[in-house]
Amino acid sequence: MSLDADLLRTRLADTRWHRIEVVDATGSTNADLVSRAADAAVAGTVRITTDQTAGRGRHARTWTAPAGTQLAMSAAIDVGEHTEDLGWLSLLAGLAAVRGVDEAIGLHPTLKWPNDVLVDGKKVAGILSEYTRSDHTSAGPGGIAVIGTGLNTTMTQEQLPVPTATSLRIVAGREVPLTDLAASYLRALSELLDLWPHDLDGLAARYREDSDTIGRRVRLVLPGDKELVGTATGVDRSGRIIVDADGRQVVAAAGDVTHLRPE
């Protein structure tokens with residue numbers, strides 16, 4: 001199945017996304033929009049492709065896939081001066097991906113903190129949000145954030161980049177309706193952004209419902225390669241993970257989590 005750009009624009013006409021750009025291929029949908037951050041009109045723009053050749057993940061990791069096997073979507077928003085809550089953008093994009101996949105395909109993914117989207121414990125999507133300072137936003141001085149999501153759509157088992165990854169075709173066992181998937185995700189993202197940054201408690205409650213990390217024994221690698229092992233007990237209103245490490249409560253805003261097998 002291919003993306004129907006006209007149908008997608010029609011289905012998203014009542015959302016915050018006023019410009020939908022569907023391209024055959026590009027290096028990085030995020031980089032494309034970040035490069036236009038000085039133009040206030042970029043806010044509300046979505047750029048989509050099924051062939052992203054230089055995708056990026058967190059910590060400068062690469063995110064690659066054979067042509068036609070992924071759905072890469074980036075959305076630009078005007079964040080004004082709300083920079084203290086930027087960390088939530090990647091988390092709410094994870095929530096949008098969960099809802100989008102559920103609505104379009106009938107599968108309900110879960111989230112590994114902070115924003116890995118899992119099906120049956122394997123990663124089906126990655127998310128990267130980037131912020132660029134700008135003096136030309138609609139709200140005056142502030143900035144533009146670009147929220148990027150890459151969904152593994154039609155990869156075969158042989159095409160998966162790592163054993164811990166999967167694709168929607170593999171888990172669903174059927175064709176992936178790309179236009180439905182993109183529309184459901186982008187509509188959910190638009191609606192969740194209506195809660196940001198004014199209802200962080202509501203976002204945190206939704207995140208906890210879809211979390212596969214809370215309640216698990218985890219290994220948390222913090223910036224600076226500091227490592228701890230404990231039980232993830234929650235996510236707070238700032239989107240930070242809370243880990244009980246042998247009776248000591250640790251709250252982290254950034255880091256890499258590994259789910260450990262029960263002892």
Packing-based exposure ordering (other Cβ within 10 Å, fewest first) of Lys122, Lys112, Lys226:
Lys226, Lys122, Lys112
Going by a ≥ b ≥ c, the root eigenvalues of the Cα gyration tensor, does region 217-259 fall in the rounded group (a/c under 1.5), the prolate group (a/b larger than b/c) or the oblate group?
oblate
With no solvent and one equal point scatterer placed on each C-alpha of the chain, evaluate the Debye formula and give log10 I(q)/I(0) for q = 0.12 Å⁻¹, two decimals.
-0.69
Given the Cα-Cα distance of Asp51 and Leu107 and 0.36 nm per residue of separation, how much length would full extension add, in nm?
17.8 nm
Just add up the charged neighbours of Asp210: K/R +1, D/E -1, any other residue whose Cβ is under 11 Å from the Cβ of Asp210.
+1
A student applying the Cα gyration tensor rule (rounded when a/c is under 1.5; otherwise prolate if a/b is larger than b/c, oblate if not) would label region 123-263 oblate
Per the rule of 0.36 nm per residue minus the C-alpha distance, extending Glu209 to Asp236 adds in nm 8.4 nm
So how much slack lies between Arg19 and Thr164, counting 0.36 nm per residue of separation and subtracting their Cα-Cα distance, in nm?
48.7 nm
Take each of the peptides 33-43, 184-194, average the number of other beta-carbon atoms within 10 Å over its residues, and list them starting from the highest.
184-194, 33-43
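Read-outs: derived from the displayed coordinates by stated rules, not from any lab. Note that the structure is a prediction, hence the values are computed from the model and not measured. Positions of Cβ are generated from backbone atoms using ideal geometry, with glycine treated the same way; all protein chains shown enter the neighbour counts.
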